[in-house]
Amino acid sequence: MHRDVTGMNTYNYGEALYWDARYIQEAAAGSFDWYQRYSALRPFVRKYVPTSSRILMVGCGNAVMSEDMVKDGYEEIINIDISSVAIDMMRRKYEHLPQLEYMQMDVRDMSFFVDESFDSVIDKGTLDSLMCGAGAPISAAQMLGEVSRLLKPGGIYMLITYGDPTVRIPHLRRPAYNWKIELYIIPKPGFQRPAGSASSGKSCLEPVPTTDKGLIHPDYVLEDPDSHFIYVCKKMDEATDLPHTSNPFTDDIS
Ligand SMILES: C[S@@+](CC[C@H](N)C(=O)[O-])C[C@H]1O[C@@H](n2cnc3c(N)ncnc32)[C@H](O)[C@@H]1O
């Protein structure tokens with residue numbers, strides 16, 4: 001599932017004003033899940049995120065993903081979004097579901113939460129929004145630094161994005177995070193292989209082979225050019241040598 005974003009000011013994507021206006025305008029339409037529905041993501045979520053996990057859903061919007069996860073047995077999902085309009089709507093909609101909590105918050109500053117307080121952080125399209133906004137590299141580093149801080153050792157940051165490794169790995173492979181990253185690629189919903197073309201035979205449930213730099217191995221055939229990418233980032237137990245700067249999460253970002 002993908003929305004047409006042509007004609008919109010890209011510098012607004014990380015800001016509340018843009019999203020509030022959008023959620024007001026689209027209120028009648030109800031919910032919308034960007035990129036993929038939970039049914040397609042379920043094999044990955046269930047593989048890496050136990051149902052007893054304390055989960056942070058960053059930039060939840062008005063997606064039904066969290067509701068679907070609760071129906072599938074998940075017990076505690078804290079949902080945050082910069083848009084108070086989206087949060088108010090979702091809080092009302094799900095007041096009968098104690099497993100879901102909704103809070104207005106900027107992913108770049110989640111100081112409300114203490115360090116290492118989540119088993120998993122799930123992000124479907126939110127880093128993407130920041131990457132389209134003004135000051136993208138700084139915003140991305142602030143967000144990812146916060147995600148890293150909030151994850152328990154061994155915790156998982158699952159990023160579902162349209163960004164391939166050439167544009168996402170440089171942000172994810174920063175030594176300060178100490179993440180071990182696995183990559184999966186799934187076709188956009190509705191993708192049909194061109195008539196007569198043979199399947200590569202590979203299951204999208206298998207991690208994609210990557211190079212030392214975290215890029216897709218040159219032998220890998222990407223069947224759908226509009227595929228979505230799932231980065232499963234595991235926070236390793238032992239911190240590697242952190243750079244001796246005042247803020248290792250942002251100081252090397254220009
Ligand atoms: C592309 S939408 C994805 C929504 C939802 N995750 C989904 O899969 O349908 C991006 C969401 O990120 C939120 N967002 C953008 N910038 C944010 C920020 N700085 N802090 C928190 N949420 C933000 C937007 O309000 C929007 O709901």
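Each reported figure results from applying straightforward, stated rules to the coordinates on display, with no laboratory input. Not measured: the values here are computed from a predicted model. In this analysis, Cβ positions are derived from the backbone assuming ideal geometry, glycine residues included, and neighbour counts consider all displayed protein chains.
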*Counting only residues 5 or more places away or on other chains, whose amide H sits under 5 Å from the amide H of MET57 once H atoms are built in the peptide plane?*
ILE78, ASN79, ILE80, ILE122
*Take ASP226, ASP123, ASP128 and order them by how many other Cβ atoms sit within 10 Å, fewest up front.*
ASP226, ASP128, ASP123
*asked:* Quick test of the membrane-span-like rule: which DSSP H helices of the chain reach at least 20 Å along their long axis (C-alpha atoms) with mean Kyte hydropathy at least -1.0?
replied: 136-150
*Which residues' amide hydrogens lie under 5 Å from the amide hydrogen of HIS228, considering only partners 5 or more residues apart or on another chain, with H built in the peptide plane?*
ILE186, LYS188
*asked:* Quick check: Cα centre of region 148-191 to Cα centre of region 87-147, how many Å?
replied: 15 Å
*Once fully extended, how much extra length lies between THR51 and GLU206, figured as 0.36 nm per residue of separation less the alpha-carbon to alpha-carbon distance?*
53.6 nm
*Calculated from DSSP H runs of 4 or more alone, at -39500 (n - 2.57) each and per residue, what is the 222 nm mean residue ellipticity of the chain, nearest 500?*
-7500 deg cm²/dmol
*On average, how much area does the Cα convex hull of region 129-203 cover when viewed from any direction, in nm²?*
7.0 nm²
_Highest average packing first - 68-77, 205-214, Cβ atoms within 10 Å_ = 68-77, 205-214
*Determine the gain in length on full extension of the stretch GLU116-TYR220; use 0.36 nm per residue of separation and subtract their C-alpha separation, reporting nm with one decimal.*
33.9 nm
